[in-house]
Amino acid sequence: MKTKILPLAAMEKLLKKAGAERVSEDAKQALKDALETVADDISEKATKIALHTGRKTVKAGDIKLAVK
């Protein structure tokens, strides 16, 4: 079983904010999976950036660089 990081309720809120009237459980799960995959990638890159500069602490700037 996969670790629950992002709640499905938050996915529904995001989709409704984007204009969806109704949201299926499959759609919530698909968005959750996609966002967690992207977040994992960004987190790994940001961690490498911090370590490369000799820090153990990941800072906002590392995240911004990792997103580019």
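Every number here is computed from the coordinates shown, using simple stated rules; none is lab data. In this text, all values refer to a predicted model and were calculated from it rather than measured experimentally. Positions of Cβ are backbone-derived with ideal geometry, glycine not excepted, and every protein chain shown enters the neighbour counts.
Taken about its Cα centre, the chain carries a charge dipole of roughly 380 debye when the Cβ of each Lys and Arg holds +1 and the Cβ of each Asp and Glu holds -1. If r is the Cβ-Cβ distance from ILE42 to ARG22 and R0 is 25 Å, what FRET efficiency results, to the nearest 0.05? After rounding to 0.05, the efficiency reads 0.25.
For the chain, adding -39500 (n - 2.57) for each run of n ≥ 4 DSSP H residues and dividing by the number of residues yields -22000 deg cm²/dmol at 222 nm.
Straightening the chain between LYS68 and ALA10 buys 18.4 nm, computed as 0.36 nm per residue apart minus the Cα-Cα spacing. Using bins of 5 Å that start at zero, the share of Cα-Cα pairs per bin across the chain amounts to 3, 16, 21, 15, 15, 14, 9, 5, 2, 0, in whole %.
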